[in-house]
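Novice: Below are the structure tokens for one structure; questions will follow.
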Amino acid sequence: MAEKNKLISLDNVCKYFNVGHGKTLKAVDGITLNIYKGETLGVVGESGCGKSTLGRVVMGIYHPTSGKLEYEGQEVNLRKTKDRFQYSKKAQIIFQDPYASLNPRMTVGDIIAEGMEIHNMYTKEKRTQRVYELLDTVGLNKEHANRFPHEFSGGQRQRIGIARALAIEPEFIVCDEPISALDVSIQSQVINLLKELQERLGLTYMFIAHDLNIVKYISDRIAVMYLGNLVELAPSDDIYAHTLHPYSQALLASVPIPDPDKEAQKRAQVLSGDVPSPINPKPGCKFAGRCPKACDRCRAETPALREIRPNHFVACHLVQPE
Ligand SMILES: Nc1ncnc2c1ncn2[C@@H]1O[C@H](COP(=O)(O)OP(=O)(O)OP(=O)(O)O)[C@@H](O)[C@H]1O
Ligand code: SF4
Ligand SMILES: [Mg+2]
């Protein structure tokens, strides 16, 4: 994609948490990445690998411990209140849990209008009108504005979460596992709504998920994360046709298949062991302890993310440019 279409850039971004006793948890550990206007970047990886932390850094909830975040070529300094406030008008988030993410004591109308109020957008009457329009946009109706979140199903609550994110007319939305708490029957409705809104409003998404099937359907490019690092980044079609990193291969192979016996067998073969702790990680490739191809070099030297095929980046010593 052309350089001029770059919306967000991360340059060696780290987010560390101090977890006491002199220990540091490296949730995001040096990520360099561009997000282009109008695209959906899928982010996948096992639980605890840093997807949500990355999403929170990108949308400005967390200050990076080090590294640089740029929006349309301008550095965003999240320590400055003014920068943070301005950025919060451009970047929004839709959370995984539609139950916990809506204030139970506020009406749906107030929840959706809150961001517009904070950013001093429109008159009160116009805000009410916008709330009705937004409810309509996400497949609900104006009568829902005076009700409370507990009166809605999970799918409807996620629609309210989407309306809230859209209210301040953001350009970029982090969708942090927005459908994983929903019934399978409702998941595709919410995905289709997100896709339709993207086309209509020209939105850019970072779409976080465990499920590689869903990411494939919605993403233009996919980033695979392992323990705070990017291990593979490529256009969707290419990553499925040429899965190059051993961890991505294992993740893809562990996409559920219909026969439960075969599935158990397959999972056991490909991804044994849990994600190791991100606290004080060992040097070398972080996947070495679980990688069937690991050699001495892997335990000593951290592999850099390199372009192996056009626009296809991989961090593995054994994968050589084609
Ligand atoms: N505020 C925090 N303080 C300390 N540790 C944190 C904090 N937030 C996240 N972590 C840790 O950072 C690591 C990455 O967490 P994160 O929530 O980003 O993972 P994830 O990939 O989103 O996982 P999941 O798929 O389960 O949502 C985990 O080890 C987590 O325990
Ligand atoms: S660098 Fe080594 S341990 Fe890491 S993924 Fe590649 S082969 Fe496996
Ligand atoms: Mg998460």
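The values are calculated or read from the model by the stated rules, or taken from the named source; none is laboratory data. Being a predicted model, the structure only gives us computed values, none of them experimental. Reconstructed Cβ throughout: ideal geometry from the backbone, glycine too, with neighbour counts over all protein chains shown. Heavy atoms of the whole protein, side chains included, go into the accessibility calculation; ligands, DNA and RNA do not. Shrake-Rupley method; radii C 1.70, N 1.55, O 1.52, S 1.80 Å.
Novice: Extension gain Val184-Tyr217, at 0.36 nm per residue separation less the Cα-Cα distance, in nm? Provide the component values of the computation, followed by the final result.
Specialist: Details: separation 33, 0.36 × 33 = 11.88 nm, distance 1.49 nm.
Going from the current span to full extension adds 10.4 nm.
Novice: Taking the Cα centre of the chain as the origin, how large is its charge dipole in debye, to the nearest 20, when only Lys and Arg (+1) and Asp and Glu (-1) carry charge on their Cβ atoms?
Specialist: Working: 40 positive and 38 negative charges, 174 e Å.
The dipole of the chain has a size of about 840 debye.
Novice: Could you give the length gained on full extension between Ser47 and Lys293, defined as 0.36 nm per residue of separation minus the Cα-Cα distance, in nm? List each step's numbers first, then the result.
Specialist: On the way: separation 246, 0.36 × 246 = 88.56 nm, distance 2.27 nm.
Between Ser47 and Lys293, full extension yields an extra 86.3 nm.
Novice: For the chain, which whole percent of the accessible surface, found with a 1.4 angstrom probe, sits on carbon and sulfur atoms? All intermediate terms of the calculation are to be shown ahead of the outcome.
Specialist: Values: 7610 of 15640 Å².
It is 49 percent, rounded to a whole number.
Novice: From the cross-link list Lys89/Lys216; Lys90/Lys126; Lys26/Lys51; Lys80/Lys195; Lys6/Lys195, which pairs have alpha carbons spaced over 22 Å apart? Kindly include the intermediate steps, with their values, before the conclusion.
Specialist: Working: Lys89/Lys216 29 Å; Lys90/Lys126 20 Å; Lys26/Lys51 12 Å; Lys80/Lys195 33 Å; Lys6/Lys195 20 Å.
Distance filter (> 22 Å) returns Lys89/Lys216; Lys80/Lys195.
Novice: Evaluate E = 1/(1 + (r/R0)^6) for Glu151 and Glu125, where r is the Cβ-Cβ distance and R0 equals 22 Å; express this FRET efficiency to the nearest 0.05. Don't skip to the end; give the middle numbers.
Specialist: On the way: r = 25 Å, r/R0 = 1.14.
My answer for the efficiency is 0.30.
Novice: From the alpha carbon gyration tensor of the chain, can you work out the equivalent ellipsoid semi-axes (sqrt of 5 times each eigenvalue) and give them in Å, largest to smallest? Please list the in-between numbers first.
Specialist: Values: eigenvalues 249, 103, 68 Å².
For the chain, the ellipsoid semi-axes come out as 35, 23, 18 Å.
Novice: Could you grab the relative contact order for the chain? Cα pairs under 8 Å, six or more apart, rounded to a whole percent.
Specialist: On the way: 601 pairs, mean separation 64.4, N = 322.
Relative contact order of the chain: 20 percent.
Novice: Out of Gln96, Thr243, His119, whose Cα points farthest toward the positive end of the dipole of segment 3-314 (charges: +1 Lys, Arg; -1 Asp, Glu; placed on Cβ)?
Specialist: His119
Novice: Related question: Output the 0 to 90 degree angle, nearest 10, between the alpha-carbon long axis of helix 260-270 and the longest principal axis computed from the alpha carbons of the chain.
Specialist: Taking the Cα atoms of the chain, the angle to 260-270 is about 60 degrees.
Novice: Sticking with this one: Separation of segment 49-110 and segment 205-224 by C-alpha centroid, Å?
Specialist: 19 Å
Novice: Taking every DSSP beta bridge with both residues inside the chain, roughly what % is antiparallel (nearest 5)?
Specialist: Numbers: 29 of 47 bridges.
Around 60 percent antiparallel, to the nearest 5.
Novice: Using the Karplus curve 6.51 cos²θ - 1.76 cosθ + 1.60 with θ = phi - 60°, what ³J(HN,Hα) values do you get for each residue of segment 148-154, in whole Hz, with x for Gly and Pro?
Specialist: Per-residue couplings from phi come out as 9, x, 5, 7, 10, 6, x Hz.
Novice: Take peptides 150-158, 75-83, 239-247, 219-227 and line them up by average Cβ neighbours within 10 Å, highest first, as a rough protection proxy. Mind showing how you got there, number by number?
Specialist: Details: 150-158: 17.3, 75-83: 12.4, 239-247: 20.6, 219-227: 23.3.
Taking the mean over residues of other Cβ atoms within 10 Å, the ranking is 219-227, 239-247, 150-158, 75-83.
Novice: Which aspartates and glutamates, on any chain, are close to Lys142 with Cα under 15 Å apart, when same-chain ones fewer than 8 places away are left out?
Specialist: Counting by Cα, and skipping residues close in sequence, Lys142 has these aspartates and glutamates nearby: Asp110, Glu125, Glu133, Glu151.
Novice: OK, next. Among Asn229, Asn146, Ala165, whose Cα projects farthest towards the positive end of the dipole of the chain, with charges put on the beta-carbon of Lys, Arg (+1) and Asp, Glu (-1)?
Specialist: Most positive-ward Cα: Asn229.
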